[in-house]
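Below: the structure, in structure tokens.
The values are calculated or read from the model by the stated rules, or taken from the named source; none is laboratory data. Note that this is a predicted model, so its numbers are computed, not measured. We place every Cβ from the backbone using ideal geometry, glycine too, and count neighbours over all the protein chains shown.
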There are 2 protein chains.
Amino acid sequence: MVETLARQRCCMSAQEICDASAKRGGRVGIASVYRALELLEGEGLVQRVEVGQGGARYEPVVPGGEHHHHAVCERCGRLTPFEDPALERAIHRLGSRLGHEIRAHDVLIKGECGRCMRARG
Amino acid sequence: MVETLARQRCCMSAQEICDASAKRGGRVGIASVYRALELLEGEGLVQRVEVGQGGARYEPVVPGGEHHHHAVCERCGRLTPFEDPALERAIHRLGSRLGHEIRAHDVLIKGECGRCMRARG
DNA sequence: GTACTTGCAAATACTTTGCAGGTAT
DNA sequence: ATACCTGCAAAGTATTTGCAAGTAC
């Protein structure tokens, strides 16, 4: 059941995970969702993403695989995932220069999304 | 007085700003701090930084000047600011590729800080 | 006085914890 | 029976809002 939670692709809030699980038959309390997320995050299977809209979101970590970041639209709130090798390279190069381990990193871009730009000016 | 808040250099929590202001004579309620931060953030004079430790932090934005990001130590919680031109370049290049405006961006590095690495293994 | 700002206290939102009941071993 | 997992409800923290009082014009 804990597995069910992490099966969603995109990042979701704890509440969304709870609701989504409920819809597919598995009734879960919000407390259990948080408890499961805490465990999964500890195992490195889920990562917490903060998009500055009150409330964290969580998304599964693909074990050895792709790695993306998020762009959040300041107008509609839509979250767009993206990946960029040059960005990753820049961050990993930082490791040697900085006297700080880079166990994980997160990049958040804020601005208007393409959809809103097209819809308005 | 609103100015007093943003005069601190590093990023602080709302509560820290409140306490710091109180110490230098200006008694401010936490509510006013949040109200001022909201305004200043709207004006682009202050930016909210989320380091995933429950509670946002805020720091003044140097108008045309330097721009840094943060590395947070997973062991001691210490926050280390850093800047990296290559990283900035990578992000700005992203702008053209991504169908998303880049009005602001944030990079957070998580890992053990130099001090902790030296103190332990 | 009218308009605006402020701090306090109450209200909210999100997350964590205590606990009693249920399941597995 | 023991150990573990669960949901509910209570407790906590962070942030926002309502409001009456204070200040500026």
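Some notes on this structure:
- A:Ser13 being out of contact with any His (no Cβ under 7 Å at 6 or more places or on another chain), more than 25 Å from B:Leu98 (Cα to Cα) and not β-branched (Val, Ile, Thr): no
- Members of the range B:1-23 that are exposed (fewer than 15 other Cβ atoms within 10 Å of the Cβ) and under 11 Å from the mean Cα position of the chain (by Cα): B:Arg9, B:Cys10
- Odd one out for A:Gly52 among (1) within 12 Å of DNA strand D (Cβ to nearest atom); (2) more than 27 Å from A:Arg103 (Cβ to Cβ): (2)
- Number of the condition not met by B:Ser32 [criteria: (1) away from chain A (no Cβ under 14 Å); (2) near DNA strand C (Cβ under 10 Å from one of its atoms); (3) under 25 Å from A:His105 (Cβ atoms)]: (3)
- Flag for B:Gly52 being under 18 Å from A:Val107 (Cα atoms), facing chain A (nearest Cβ under 10 Å) and at pLDDT below 90: yes
- Of all residues in the range A:35-52, those satisfying the criterion of being more than 13 Å from the chain's Cα centre (by Cα) and either surrounded by fewer than 16 Cβ atoms within 10 Å (Cβ to Cβ) or within 11 Å of DNA strand C (Cβ to nearest atom) (or both) are A:Arg35, A:Ala36, A:Glu38, A:Leu39, A:Gly42, A:Glu43.
- Qualifying residue in the range B:21-28 (condition: touching a strand residue (DSSP E or B) at 6+ places or on another chain (Cβ under 6 Å) and not hydrophobic (A, V, I, L, M, F, W, C)): no
- Qualifying residue in the range B:9-28 (condition: away from DNA strand C (no atom under 14 Å from the Cβ) and assigned to a strand (DSSP E or B)): yes
- Residue in the range A:79-93 that is away from DNA strand D (no atom under 16 Å from the Cβ), in contact with a Gly (Cβ under 9 Å, 6 or more places away or on another chain), within 13 Å of another protein chain (Cβ to nearest Cβ) and in contact (Cβ under 8 Å) with a residue 40 or more places away in the chain present: no
- Selection within the range B:63-78: residues that are in contact with an Asp or Glu (Cβ under 7 Å, 6 or more places away or on another chain), under 28 Å from A:Gly111 (Cβ atoms) and modelled with pLDDT of 90 or more. The member of this set that is farthest from the other protein chains (Cβ to nearest Cβ) is B:His68.
- Residue check for B:Gln47: touching a residue at least 40 places away in the same chain (Cβ under 8 Å) and more than 18 Å from B:Val72 (Cβ to Cβ): no
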